[in-house]
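Chemist: My structure is below; once you've seen it, I'll send some questions.
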Amino acid sequence: MSKYSHDHIVPFEDSALGKKQQVSDMFDRIAFRYDFLNRLLSGGTDLYWRKKAIRELAAIQPENILDVATGTADMAIMMTKYLSPKQVIGIDISEGMLGLGRKKIATLKLQNKIMLQSGDSEAINFPDNSFDAITVAFGVRNFENLEKGMKEMRRVLRPGGKLVVLEFSKPKQGLFRKMYRFYMGFIAPGLVQLFSKKQAYQYLNKSVQAFPEGETFINIMHEAGFQQTYCKPLSLGICTIYVGEK
């Protein structure tokens, strides 16, 4: 049983399905709009955030990388450009998102560098010590059991390897925090409803509000066995990079 409240935040509160299945269904439904909504809601800043997260891996020059909750493969594609690994494997529970990711990879002719497959963060289908680095961009909020997912990622990471997590957080500075709340409470819902289902945005907002961010998440990384942990807030705290080593 999960001990973190965000694990119980689900997209469809009237559904009898578990969080994992609900998240998969939700992303299948919005997959065709996902990249567009990311750029729209962040004003394109999400690409800058991803780039900053990827830079955290430059020093170890990883050859084999696992991208968990890879979605439409944005992170995997960017890592081939900035890190030049031998291979990136992306896993996700949404076949709809993976399908779009495979199309992007084929268009860019990166099939020899990136492989996408259906996969669950809580039961990663690879042996111990398989990867030099693991990334998760805007995905840990979607884990049904955060503790289990963190331990499973550590299992498949080789000793000396790094985990880099990129996740939304909440600004701490007074005036900017108020502006952020106004945007999340009034502006963003209106934008989303023009192009997508309102449940997707409601889930995003609720899961961000409930996520154990900052030092709390660093402590969760410690409990999962990660060392040399640190976090870096971005854009006045809207987003945070978390790093840990095995």
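Chemist: Which of the peptides 204-215, 167-178 is most tightly packed, and how do the rest follow, going by the mean number of other Cβ atoms within 10 Å of each residue?
Modeler: Order by mean packing, descending: 204-215, 167-178.
Chemist: Using helices alone, what [θ] at 222 nm do you get for the chain, with -39,500 (n - 2.57) per DSSP H run of 4 or more residues, divided over all residues and rounded to the nearest 500?
Modeler: Taking each H run of at least 4 residues, the total per residue is -13500 deg cm²/dmol.
Chemist: Suppose each label sits 7 Å from its Cα in the direction of the beta carbon; what would the Asp14-Asn112 distance come out to in nanometres?
Modeler: 5.2
Chemist: Put a dot 7 Å past each Cα toward the Cβ at Asp28 and Leu175; how far apart are the dots in nm?
Modeler: 4.8
Chemist: What order do you get for 49-62, 136-149 when each peptide is scored by the mean count of other beta carbon atoms within 10 Å, highest first?
Modeler: The packing order, highest mean first, is 136-149, 49-62.
Chemist: Something else about it: Would you list Leu17, Leu40 from fewest to most Cβ contacts within 10 Å?
Modeler: By the 10 Å Cβ count, ascending, the order reads Leu17, Leu40.
Chemist: So if I place +1 on the C-beta of Lys and Arg and -1 on the C-beta of Asp and Glu, and nothing else carries charge, what would the dipole magnitude of the chain be about its Cα centre? I want it in debye, nearest 20.
Modeler: 800
Chemist: Please arrange Leu157, Leu66, Leu47 by how many other C-beta atoms lie within 10 Å of their C-beta, fewest to most.
Modeler: In increasing order of surrounding Cβ atoms, one gets Leu47, Leu157, Leu66.
Chemist: On to the next question. Counting other C-beta atoms within 10 Å, which of Cys231, Cys239 has the fewest, and how do the rest follow?
Modeler: Neighbour counts put them in this order, fewest first: Cys231, Cys239.
Chemist: Now a separate question. Checking the cross-link filter: which lysines have an alpha carbon closer than 28 Å to that of Lys151, excluding same-chain neighbours under 8 positions apart?
Modeler: Here the lysines satisfying the reach criterion relative to Lys151 are Lys3, Lys19, Lys20, Lys51, Lys52, Lys86, Lys113, Lys162, Lys170, Lys206, Lys232, Lys246.
Each reported figure results from applying straightforward, stated rules to the coordinates on display, with no laboratory input. Everything quoted here is computed from the prediction, not taken from an experiment. All Cβ positions, glycine included, derive from the backbone under ideal geometry; neighbour counts span all protein chains shown.
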